[in-house]
Each structure stands twice: as C-alpha cells, then as structure tokens.
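The values are calculated or read from the model by the stated rules, or taken from the named source; none is laboratory data. On a predicted model such as this, the values are computed, not experimentally measured, just so you know. Here Cβ is always computed from backbone atoms with ideal geometry, including for glycine, and neighbour counts include all displayed protein chains.
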Number of protein chains: 2
Amino acid sequence: MTPVDHAQLALHLEVASTPKPGNVDRHREYDDLRFEHFLAGAVGARPGLRLAAGNDGGDPDSIPGLGDAFERGVRGMSQQDGDNTQFGCLLLLVPLVRAATTDRLSQSGVTSVTAATTVDDAAGFYRAFEYVDVAVDDPPPEADALDVRRGGDAVPTLRERGLTLADVMALSADRDGNASEWTTGFERTFRAADRVLADDGPITDRLARVFLDCLAERPDTLVAIEHGEERARAVSRRAADVQGDLDAAADLADAFHEEGINPGTTADLVAATAFVALEWGVRV
Amino acid sequence: MTPVDHAQLALHLEVASTPKPGNVDRHREYDDLRFEHFLAGAVGARPGLRLAAGNDGGDPDSIPGLGDAFERGVRGMSQQDGDNTQFGCLLLLVPLVRAATTDRLSQSGVTSVTAATTVDDAAGFYRAFEYVDVAVDDPPPEADALDVRRGGDAVPTLRERGLTLADVMALSADRDGNASEWTTGFERTFRAADRVLADDGPITDRLARVFLDCLAERPDTLVAIEHGEERARAVSRRAADVQGDLDAAADLADAFHEEGINPGTTADLVAATAFVALEWGVRV
C-alpha cells in the first residue's frame, strides 16, 4: 500500500476503533453524525491526500502545496451529510503523508516539511474552513483579523503579514492540540505510534488503548473549547482511571456520550498515529 | 465522487451496514476475520477498481481488460490478514464500474460490458483465485479441467476452448449467485438498488433491509455450498420471517453467527446494490 492508501485506511481505522469514549466509533453515533459519514469522508478526502503525496496527476515537476492538499482534502471530505468529520485528522495527515512520500517520516523529517510551508499554504488552510463548521475558540482581540472563521477573507491579512502555515499553527499551538503537533515535530504522534507497535492484538484495539493513553496524558483541546479547561482536565482524569481497560472504557464511552463530551482532538491524534503505525509496518 | 470512489465506498458501506445476519458487520466479527480486514480490503482493492474504470494511469488509448482489473483488485484486497474479504463483491463491481464510466449503468449497458469480455479476461479471473481462499463447489467431473481452484493452471484449457469470462460465468450461473448476475444483466442488483432508492433513513439501514429482502427472496449460494440446499432454503425462510425488522434481524444475526451460517453471496449483492444506489444519487 502507498502512503495515500495508508492515510485513507488510517481514517477508516480511527473511526472503526472502539471504544474511544466520547467519539463516534463503530458502536456509537449520533443521529446527525453517523458512522458512515466518516467512511464517506475518508473516501472523499483521497484526492487531497494524493496532492499531499505530491501527485497532482499532471506535471511531475510541479509539487502541490500542502495548503492546497489540505483544502482539497477537506472539500472532498465534506461531500457527506455529517458536516465536519475529519478536518483535524487531515491537518495532521497532510504533512505526515508528504514526509512519508519523501522518505522523511520522522520528527525531524516532518519538521522540515512544516518549516517549508508558505503563505499560499496558509491561504489554503483558511479557505478550507469554508467547507465545514469547525469548532474553534475565539482568537485574542488583537488577532481578530486572523480568525479562521473568516475563511478566505483572512487571506489579505495573511499576505500582508507574510504568515506561512507553520506561522499560523504556531499562533494557536497553546490552545489547539493539532497546531501543537505541527510545532513540535509531531512528538505525541510518533510517541503514540511507538506504543501501538509495542502493543499487541488487533490494530483497532491498540488504537482504542492509545486513545485512552493520549487522553489521560493531556486534556483534549476540543473539550476545553466546548466545556472549559477544568472540565477537560476532569475528562482526562476519568480516562486515566480506566487504566487502558477496554471494558471499563465502554462504560466511560456511554457516560461521555450522555454528557456530550467529545474529545475530538485526541481522535485526530489517533488517526495520525494509525498512519505512522501503518507506515512502520503494523499489520491489519 | 467518481465511480471508483463510489465502488470503494460501496465496499465500506456493505460491511458497515448492520445487522446483516451471518455476515461480518460493524457489530459482529470473528477472531480471524475482523471488521478492519474489510476496511483494508476495500482500500487495497482500489487500483483494480481504477482499472475497471478504464484508467491504468498510462496510455489513455489502452483500455484495461476486466479480467486484469479483477485480478488487480483481488490482489490488492488480499493484502490484509483476513484472507478473502471481498472477492465476490469485486466480481460484481468490476463490470458495473466499467458500465458506469462508459455511461451504461443499466441492465442493457452492463450486458454489453460482460458480452465484450474475452478469453484474456477469463484468464485474469482464474489467476485471481491464487490470492485468496474462495469457497466454491466442486465442478461436474467433465469440467474438472476448469475447476477455479486450479488458478492460472486452467488458462491453457480456457484458451483451447476459447472461453471468455462471460462464458465462464454462464457455466456456473445455476449454482453461484454472482455468476447468475453476470448472465442476467445484474437483474437482482438493479432491482435491489430501486428498493434502496424507494426506502428512507440512513443508507446503512436501507442496505441492511435490502440484504434481508434479497436473502428472503432467494437462497444464498454460499450457504448452499457450505451447508447444502435444504439448509440454504431454511435460512431464506428465517430471513423472510423477520419481515425487514432490524431488531428482529439482530437476533437472527446472533443465531446465524452461532450456527456458522454465512450468506456471503447475498452480501456481495448488497455491495453491488450500494454502488448502483450511490451512482443514482442516494446520499450518505
């Protein structure tokens, strides 16, 4: 399988892995956000993943930008009725796929990839917000012109200030777990993939366990946005309490579902982790 | 989405739809044949589906043969640890994808596609059996040289007798539900897709109901091969008894799982049905 295949499969495996308390998985869904929306999102995202792999189907000397790849992925992902299914996953997968296709799937390799992003890439990232409704925090007042909810309208400001996609990620790294991966060479992703390799059993069980580990080790930033930081810390403590036991996690999944707790940033991390683990040879 | 995307998504939706009594679905699996094997099979099959769509990534004037497309699909599908996940699905999808990409997704259109198959296509079909273990019936003694389990070794006999893939399908149409679709212009597939369009609710529920309908209306040929025709008729009667009620079907799924009853040919039909329904505009 190619890195594009592995990235697509990673999206499928993320949503198939169960229980991942608070997230849609193959045993839990909402009326307006169903399991099959994620399946269609993963298939639809593929043209964006191909661009991330450097393949635009045309001129082999023209390497597509990561921002265009991300925008294309989000556009394709959004062709189902569940709205935003995998925006954050794609934000992590796009640079990882680029790193993998250029033989640099490592912390330093993906750091080179993100460091090479441009203002055009930042523009693609902003335009991607026009396709789906993404839960984000209000920016600080001085950064209002860069509110991602402005979509493409923020592009003149990006150009004026010369902000690359890496710069944009750095601006929100303290309050968004995905942006934080961009600024740390995907430190948590690679560490989680190590744990998946060291674990045994079906890959979907390993991913469910690594989800619990990741949620326990750091509060989920989507939960913090939606419910506040204190609640996010409590959610992590409850994830820690199940101690990786998937039966206990199933009870926690029922509770989070009931409470409307959705640790979606941690699910994004699991998709990225699945990709790295597949590239490293974990079997399905 | 392209026909290739729809075909791939159809494979995902087939296995996600639940309950489909006796088959792996998102709530039921076996230790050695797990849900994620089907996800990986669907992603792996994609290069074969692209060939079916007439796209070999190279010379636009050279249209790949359906047998090569099928063989490539099965080879890619088999790169996971569950062995045969979607052999029968691909046998149905390959001509349907070809029909869709040439604006002939209709009974007469796909009949033209199958009628145009060649001896080379038959050779590709036989070679595909070398990648996975497919449950088949013993052929009649006079057809022993054409036993599919011979794989590529049967190719000289195919050439000697000038048998096309359509001819090969016709030879087993009376005992294999998939071959029967090939010889009837996919009559059951299109009829089932009509029912999916007329139904409402989430597509996975519609596909679960159409599975029950199809199983009730005709005995599953894989069940007949594995357990005999009388048992296959009884299985259909039990499917009819649930009268399309998905809660009752869940109990039947538990029972069939326990009894080792696997109506796999009917699941293949559902994957083909999902493809046609997606092409006809059913939303996910």
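Taking the condition of being among the hydrophobic types (A, V, I, L, M, F, W, C) and either more than 18 Å from the chain's Cα centre (by Cα) or within 20 Å of B:Leu246 (Cα to Cα) (or both), how many residues in region B:199-225 meet it? Steps first, please.
Kept after step one, since they are among the hydrophobic types (A, V, I, L, M, F, W, C), are these residues of region B:199-225: B:203, B:207-208, B:210-212, B:214-216, B:222-225.
From what is left, the residues that are either more than 18 Å from the chain's Cα centre (by Cα) or within 20 Å of B:Leu246 (Cα to Cα) (or both) are B:203, B:207-208, B:210-212, B:214-216.
Residues flagged as among the hydrophobic types (A, V, I, L, M, F, W, C) and either more than 18 Å from the chain's Cα centre (by Cα) or within 20 Å of B:Leu246 (Cα to Cα) (or both) within region B:199-225 amount to 9.
Out of the helices (runs of 4 or more DSSP H) lying entirely within region B:148-204, which hold 1 or more residues that are among the aromatic types (Phe, Trp, Tyr)?
The helices (runs of 4 or more DSSP H) meeting that bar are B:177-183, B:187-198.
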Of the residues A:Asp251, A:Asp213, A:Asp268, which is part of a helix (DSSP H, G or I), modelled with pLDDT of 95 or more, loosely packed, with under 15 Cβ neighbours inside 10 Å and of a type outside the set (A, V, I, L, M, F, W, C)? A:Asp251
Of B:Leu207, B:Leu222, the only residue that is outside any loop (DSSP other than H, G, I, E, B), touching a residue at least 40 places away in the same chain (Cβ under 8 Å), under 22 Å from B:Asp5 (Cα atoms) and of a type in the set (A, V, I, L, M) is B:Leu207
So, A:Asp199, is that one more than 14 Å from chain B (Cβ to nearest Cβ) and either more than 20 Å from A:Arg26 (Cβ to Cβ) or surrounded by fewer than 16 Cβ atoms within 10 Å (Cβ to Cβ) (or both) or not? no
Could you tell me how many of the residues in region A:222-253 are of a type outside the set (A, V, I, L, M, F, W, C) and under 25 Å from A:Phe87 (Cβ atoms)? 7
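Say whether the condition of being in a helix (DSSP H, G or I), within 14 Å of chain B (Cβ to nearest Cβ) and not aromatic (Phe, Trp, Tyr) is met by at least one residue in region A:254-265.
Filtering region A:254-265 down to residues in a helix (DSSP H, G or I) leaves A:254-259, A:264-265.
When the remaining residues are screened for being within 14 Å of chain B (Cβ to nearest Cβ), the result is none.
Within region A:254-265, none of the residues are in a helix (DSSP H, G or I), within 14 Å of chain B (Cβ to nearest Cβ) and not aromatic (Phe, Trp, Tyr).
Considering only residues that are among the aliphatic types (A, V, I, L, M) and outside any loop (DSSP other than H, G, I, E, B), which ones fall in region A:225-248?
The initial filter retains those residues of region A:225-248 that are among the aliphatic types (A, V, I, L, M), namely A:225, A:232, A:234-235, A:239-240, A:242, A:246, A:248.
Scanning region A:225-248 gives A:Ile225, A:Ala232, A:Ala234, A:Val235, A:Ala239, A:Ala240, A:Leu246, A:Ala248.
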Helices (runs of 4 or more DSSP H) wholly in region B:1-115 with at least 3 residues that are within 9 Å of chain A (Cβ to nearest Cβ) and under 20 Å from B:Ala193 (Cα atoms) - which ones? B:3-16
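Here is a yes/no grid of residues against (1) over 19 Å from the mean Cα position of the chain (by Cα); (2) of a type in the set (Lys, Arg):
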| position | (1), (2) |
| --- | --- |
| B:Asp194 | no, no |
| B:Leu197 | yes, no |
| B:Arg231 | yes, yes |
| B:Leu252 | yes, no |
Pairs with Cβ under 7 Å, 6+ apart, first in region B:156-170 and touching a residue at least 60 places away in the same chain (Cβ under 8 Å), second surrounded by 13 or more Cβ atoms within 10 Å (Cβ to Cβ): B:Leu165/B:Leu66; B:Leu165/B:Gly67; B:Leu165/B:Thr117; B:Leu165/B:Asp121; B:Leu165/B:Ala122; B:Leu165/B:Phe125
